[in-house]
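**Student:** The following block contains the structure, expressed as structure tokens.
Throughout, read-outs are computed from the coordinates displayed, never taken from laboratory work. Note that the structure is predicted; figures quoted are calculated from it, not measured. Using ideal geometry, Cβ is built from the backbone for each residue, glycine included, and neighbour counts are taken over all protein chains shown.
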């Protein structure tokens with residue numbers, strides 16, 4: 001419905017702002033936490049830049065694919081310590097925590113947008129019970 005169009009300010013847009021803040025935290029994490037693993041630093045920087053770009057795009061002109069991409073990046077951050085080999089480090093714990101938060105916020109926004117686009121569906125399910 002609203003996909004690809006500018007939209008008025010909605011409370012669910014705050015979720016994109018939170019993801020933008022998490023992206024900034026990812027980008028600053030090598031300096032904040034003195035991360036030494038170069039692979040982890042590059043992963044967190046690249047993931048942070050991608051999440052920031054997608055979050056900004058979602059703020060300007062929402063599309064479902066932006067949230068799906070952010071949720072995929074969140075899942076990537078969760079599994080990347082094992083894929084890239086920086087397990088048992090501070091970067092691993094940070095990557096997993098931020099990845100889970102990014103994925104959760106993106107999926108929550110998708111759910112809120114779906115519920116807003118289909119209000120009768122929720123009402124009909126509630127009236128059945």
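**Student:** At 0.36 nm per residue, minus the direct Cα-Cα distance, what do residue 38 and residue 84 gain on full extension? Give it in nm, one decimal, please.
**Tutor:** Working: separation 46, 0.36 × 46 = 16.56 nm, distance 1.06 nm.
So the chain would gain 15.5 nm between residue 38 and residue 84.
**Student:** Follow-up. Give me the one-decimal nm value for the distance between modelled label points at residue 108 and residue 68, 7 Å along each residue's Cα-to-Cβ direction.
**Tutor:** 2.2
**Student:** Going highest first, how would you order 73-79, 112-118 by mean Cβ packing within 10 Å? It would help to have the intermediate numbers written out before the result.
**Tutor:** Working: 73-79: 19.4, 112-118: 13.6.
Taking the mean over residues of other Cβ atoms within 10 Å, the ranking is 73-79, 112-118.
**Student:** Go through 80-88, 38-46 and give me the packing order, highest mean Cβ count within 10 Å leading.
**Tutor:** Working: 80-88: 15.0, 38-46: 17.2.
Peptide ranking by packing, descending: 38-46, 80-88.
**Student:** Compute the Rg/Rh shape ratio of the range 13-116: radius of gyration over Kirkwood radius, all on alpha-carbon atoms.
**Tutor:** Values: Rg = 13.3 Å, Rh = 13.4 Å.
Answer for the range 13-116: 0.99.
**Student:** May I pose another question? What full-extension length gain, to one decimal in nm, is calculated for residue 61 and residue 96 as 0.36 nm per residue of separation minus the Cα-Cα distance?
**Tutor:** Working: separation 35, 0.36 × 35 = 12.60 nm, distance 2.83 nm.
Length difference between fully extended and current span is 9.8 nm.
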